[in-house]
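Colleague: If you scroll down you'll find the structure; I have some questions about it.
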Amino acid sequence: MHRHKLVTVIGARPQFIKASAVSRALATSRVFSEVIIHTGQHFDDNMSKVFFDELAIPAPRHNLGIGSLGHGAMTGRMLERIEQILLAERPSLVLVYGDTNSTLAGALAARKLQVPVAHVEAGLRSFNLRMPEEVNRILTDRISDLLFCPTSSAVANLRAEGFEGFPCRIHLTGDVMEDTARHFGRLAAGKATVVDRLSLRGRPFALCTLHRAENTDDAGRLASIVAALHEIARELPVVLPLHPRTAGAIRRQAIAIDLQVIEPVGYIDMVALLQAARLVLTDSGGLQKEAYFFERPCVTLRDETEWVELVQGGCNWLAGATTQGILAAYRSAAAARPDFSTKLYGGGAASSAIVAAIEDYFAADRQ
């Protein structure tokens with residue numbers, strides 16, 4: 001049987017996590033062979049190499065090393081390099097994930113060369129065009145041939161935007177991050193992790209991550225978030241794996257941090273922290289869902305979220321970035337008893353659904 005070549009474009013931590021599940025499923029396919037391009041958007045060992053090693057993602061054939069640039073320069077350089085690789089590799093399909101500059105560059109390069117595009121995590125909307133991620137995901141959806149939606153609300157967003165009239169296929173697959181969380185949650189339970197190294201096991205604490213540009217690049221927002229974290233830490237210790245972008249912003253703005261700050265951690269360590277934490281405070285889209293998968297209340301340090309079903313289901317509290325707003329959301333989350341029994345994200349079978357849909361696409365249209 002002829003094997004199609006599938007090129008996967010990834011570059012940031014959340015994409016490594018998502019790709020690990022789909023790459024495992026692709027490895028069992030008799031229809032595809034996978035070639036990975038790593039753009040380098042997250043390039044240091046703590047943000048990149050450790051994830052490839054831990055998550056058993058196939059080694060990238062192409063490492064572009066493009067990071068630490070402005071949006072225009074980063075996306076432009078990625079587009080140029082990815083186009084060169086696609087011309088050489090001649091794939092049957094390009095697979096992109098999420099909403100980063102790597103996502104948009106991969107989709108644009110493929111579309112310009114008339115290579116079909118598949119978008120994992122299609123249909124998400126924050127309805128805030130100030131967010132670079134919102135722009136990336138809208139544009140990527142519009143030029144994709146296969147749209148893999150993690151939730152029914154994502155499908156509804158695409159329908160409301162008229163996608164059923166476009167030459168594309170919309171699939172409700174569930175969320176690949178649940179596949180990964182279930183798989184690595186079992187692995188983390190049997191390992192010595194950062195929880196043990198920091199003597200956190202059995203001690204109550206809140207896990208916090210903070211990295212989005214809307215928070216780190218706005219001096220007022222960052223200062224008010226840190227002030228709220230300090231107040232929370234008076235009654236519940238806050239563990240903060242510090243993202244390089246946030247560390248730089250804190251230095252530039254001379255903000256004092258009196259929390260349990262640690263280096264960025266790999267995925268298994270993050271899973272272990274989630275399993276041990278009492279609750280989560282984050283501006284990460286992925287960690288909001290991971291908190292749900294591991295049954296932890298989540299306070300979201302943003303003005304909106306793509307994961308509206310978590311807020312509607314009483315598992316997630318939108319706090320914004322004001323000190324008082326965060327403290328109010330924290331108190332609500334700490335007192336709540338959320339129902340985590342709902343199956344909002346497909347139950348852990350999204351990757352196999354995605355691979356089956358891609359195989360069906362080529363069986364119907366390409367052979």
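The values are calculated or read from the model by the stated rules, or taken from the named source; none is laboratory data. Note that the structure is predicted; figures quoted are calculated from it, not measured. FYI the Cβ positions are ideal-geometry reconstructions off the backbone, even for glycines, and counts take in every protein chain you see.
Colleague: Identify all residues within the stretch 266-299 that are β-branched (Val, Ile, Thr) and either within 14 Å of Ala189 (Cβ to Cβ) or not assigned by TED's automatic domain parsing to the domain that holds Thr322 (or both); write none if there are none. Write out each step before concluding.
Modeller: Narrowing the stretch 266-299 to residues β-branched (Val, Ile, Thr): 268, 271, 280, 282, 299.
Answer for the stretch 266-299, where residues must be β-branched (Val, Ile, Thr) and either within 14 Å of Ala189 (Cβ to Cβ) or not assigned by TED's automatic domain parsing to the domain that holds Thr322 (or both): Ile268, Val271.
Colleague: Name the residue, out of Val195, Val239, that is in a strand (DSSP E or B) and touching a residue at least 40 places away in the same chain (Cβ under 8 Å).
Modeller: Numbers: Val195 fails: in a strand (DSSP E or B).
Exactly one of Val195, Val239 is in a strand (DSSP E or B) and touching a residue at least 40 places away in the same chain (Cβ under 8 Å), namely Val239.
Colleague: Is it the case that Thr216 is of a type in the set (Ser, Thr, Tyr), assigned by TED's automatic domain parsing to the domain that holds Cys298 and either within 20 Å of Leu279 (Cα to Cα) or surrounded by fewer than 20 Cβ atoms within 10 Å (Cβ to Cβ) (or both)?
Modeller: no
Colleague: Sort out for me the strands (runs of 3 or more DSSP E) sitting completely within the stretch 267-364 that have 1 or more residues that are buried (at least 24 other Cβ atoms within 10 Å of the Cβ) and among the β-branched types (Val, Ile, Thr).
Modeller: 279-282, 298-300
Colleague: Return only the number of the condition from (1) under 30 Å from Pro150 (Cα atoms); (2) touching a Phe, Trp or Tyr at 6+ places or on another chain (Cβ under 9 Å); (3) part of a helix (DSSP H, G or I) that Glu231 does not satisfy.
Modeller: Glu231 satisfies every listed condition except (1).
Colleague: Are there any pairs with C-beta distances below 7 angstrom linking a residue in the stretch 90-114 that is outside the structural domain of Thr305 (by TED's automatic domain parsing) to a residue that is part of a loop (DSSP other than H, G, I, E, B) and small (Gly, Ala, Ser), with the two at least 6 apart or on different chains, and if so which?
Modeller: That search, which allows pairs on different chains as well, returns Thr100/Gly11; Thr100/Ala12; Ser102/Gly11; Ser102/Ala12; Ala107/Ser144.
Colleague: Quick check on the stretch 213-224. Is at least one of its residues outside any helix (DSSP H, G or I), of a type in the set (Gly, Ala, Ser) and modelled with pLDDT under 95?
Modeller: No, the stretch 213-224 contains no residue that is outside any helix (DSSP H, G or I), of a type in the set (Gly, Ala, Ser) and modelled with pLDDT under 95.
Colleague: Output the residues belonging to the stretch 141-166 that are outside any loop (DSSP other than H, G, I, E, B), free of Cβ contacts under 8 Å to residues at least 40 places away in the same chain and either β-branched (Val, Ile, Thr) or surrounded by fewer than 19 Cβ atoms within 10 Å (Cβ to Cβ) (or both).
Modeller: Scanning the stretch 141-166 gives Arg142, Ser152, Val155, Ala156, Arg159, Ala160, Glu164, Gly165.
Colleague: Any residue that is of a type in the set (Gly, Ala, Ser) and modelled with pLDDT under 95 - is there at least one of those in the stretch 162-184?
Modeller: There is at least one residue in the stretch 162-184 that is of a type in the set (Gly, Ala, Ser) and modelled with pLDDT under 95.
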